[in-house]
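One structure is given here, and the rest of the page talks about it.
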Amino acid sequence: MRLILLGAPGAGKGTVAELLIEKYGIVQLSTGDMLRSAVKAGTPLGAEAQGYMNRGELVPDSVIMGLMEQRLQSPDCESGFILDGFPRTIPQAEALKAMLSRLGLSIDGIINLEVPRGVILRRLTSRRTCSNPDCQAIYNIYTKPSKKEGVCDKCGSATIQRDDETEEAIGKRLKTYEEKTAPLIDYYRSEKTYASLPALDGREVYENIVAFLERR
Ligand code: ADP
Ligand code: ZN
């Protein structure tokens, strides 16, 4: 099973992906997580990406495509994957299409998560992320708090607000989403494997995605 998840920042792609990877035994490929790991590890790629990320801007397409090309060919991707946070621009979508055909891979589902803007804003400011780069568990102070405030349930590291989750950076990210990423909806709309689903409730949208995939 190979899937693409689309949606604004804070639409709940990570949460839905977690349920789908369990169901289908596939891996989640989140460019955001990969970039944050590279930043924490202090690699040259991480150093290049960090400024863009902190400002809420997109990292250049060439950097992202290099990351993805490597990742898609690792052995753990053989049973399938879910792309989360990628593609993020039309050029990335076009490069992905070329890359998949070169690798002889097809996509089974392209799912857009629909969430109203007010909900997105509230979710993003209430998000906390595990500071351990190997964990990166995500919490929400309202809807998914850690058992002990400020401490990750999974690994015990501190949970923090990401630098790109200040109000200013969030405004910028949403603007970037509207300009650069939302056009992907039109780009993919005519594909047979495309579905756009209301996604207020993570569990419910997960069930609707599974129903959509099994109908096909
Ligand atoms: P969000 O929570 O906004 O969905 P992610 O965790 O997916 O954020 O990404 C965080 C940041 O990493 C983005 O704001 C952007 O700077 C960078 N990033 C992640 N994926 C991509 C991508 N496919 N193309 C360009 N930049 C990316
Ligand atoms: Zn953790």
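In whole angstrom, note down how far apart the Cα centers of the stretch 101-120 and the stretch 53-71 are.
17 Å
Can you list residues whose amide H is under 5 Å from residue 194's amide H, if they're 5+ apart or on another chain and H is modeled 1.01 Å from N?
110
Within 10 Å of each candidate Cβ there may be at most 13 other Cβ atoms; applying that plus a DSSP loop requirement, which chymotrypsin sites (Phe, Trp or Tyr not before Pro) in the stretch 146-205 survive? Show your work: numbers first, answer last.
Values: sites: 177, 187, 188, 194; in loops: none.
Qualifying residues, ordered by number: none.
Between residue 19 and residue 204, how many nm apart are label points set 7 Å from Cα along the C-beta direction?
1.1 nm
Can you pull the three principal axis extents for the Cα set of the stretch 14-53, in Å, largest first?
For the stretch 14-53, the Cα spread along each principal axis is 35, 15, 10 Å.
Say each of residue 37 and residue 175 gets a label point 7 Å from the Cα, pointing the same way as Cα to Cβ; how far apart are those two points in nm?
With each label placed 7 Å out from Cα toward Cβ, I get 3.2 nm.
Are there chymotrypsin sites (Phe, Trp or Tyr not before Pro) in the stretch 45-145 that DSSP marks as loop and that have at most 13 other Cβ atoms within 10 Å, and which are they? Can you show the working numbers first?
Working: sites: 52, 81, 139, 142; in loops: 142.
Those that pass, being in a loop and sparsely packed, are 142.
Taking the inverse of the average 1/r across all pairs of different Cα atoms in the stretch 45-112, what Kirkwood radius in Å do you get? Don't skip to the end; give the middle numbers.
Values: mean 1/r = 0.0761 Å⁻¹.
After inverting the mean inverse Cα-Cα distance, the result is 13.1 Å.
Between residue 114 and residue 61, 0.36 nm times their residue separation minus their Cα-Cα distance comes to what? Mind showing how you got there, number by number?
Details: separation 53, 0.36 × 53 = 19.08 nm, distance 2.46 nm.
Contour length minus Cα-Cα distance gives 16.6 nm.
Which longest run of the chain has no exposed loop site in it, a site being GluC sites (Glu not before Pro) in a DSSP loop with at most 12 other beta carbons within 10 Å, and the site itself not part of the run?
Numbers: sites that count: 78, 149, 191.
Result for the longest clean stretch: 1-77.
Taking the Cα atoms of the stretch 94-216 alone, what are Rg (to one decimal) and Dmax (as a whole number) in Å?
For the stretch 94-216, the Cα-based Rg and Dmax read 17.4, 47 Å.
Among the lysines in the stretch 57-216, how many pairs, 8 or more places apart or on different chains, have alpha carbons under 22 Å apart? Provide the component values of the computation, followed by the final result.
Details: 97/180; 97/192; 144/154; 172/180.
Final tally of qualifying lysine pairs is 4.
Sort largest first and round to whole Å: the equivalent ellipsoid semi-axes of the chain, each the square root of five times a Cα gyration tensor eigenvalue.
Working: eigenvalues 124, 85, 65 Å².
Equivalent ellipsoid of the chain: 25, 21, 18 Å, largest first.
Please turn the phi angles of the stretch 149-165 into ³J(HN,Hα) values with the Karplus equation 6.51 cos²θ - 1.76 cosθ + 1.60 (θ = phi - 60°), one per residue in order, whole Hz, x for glycine and proline.
4, x, 10, 5, 5, 7, 10, x, 6, 5, 9, 9, 8, 5, 4, 8, 10
Using label points projected 7 Å from each Cα along Cα→Cβ, tell me how many nm separate residue 125 and residue 103, to one decimal.
Each label point is offset 7 Å from its Cα along the Cβ direction, giving 3.9 nm.
Per-residue ellipticity at 222 nm for the chain, helices alone: DSSP H runs ≥ 4 residues times -39500 (n - 2.57), over residue total, nearest 500 deg cm²/dmol? Don't skip to the answer; put the middle values down first.
Numbers: 9 runs with 100 residues, N = 216.
Mean residue ellipticity, 222 nm, calculated: -14000 deg cm²/dmol.
May I ask you to sort 125, 143 by Cβ crowding, counting other Cβ atoms within 10 Å and putting the fewest first?
On the way: 125 15, 143 12.
With the fewest neighbours first, 125, 143 line up as 143, 125.
Every number in this text was worked out from the coordinates using simple rules, so none of it is lab data. Since the structure is predicted, the reported quantities are computational estimates derived from the model, not experimental observations. No Cβ is skipped: glycine too gets one built from the backbone with ideal geometry, and neighbour counts run over all protein chains shown.
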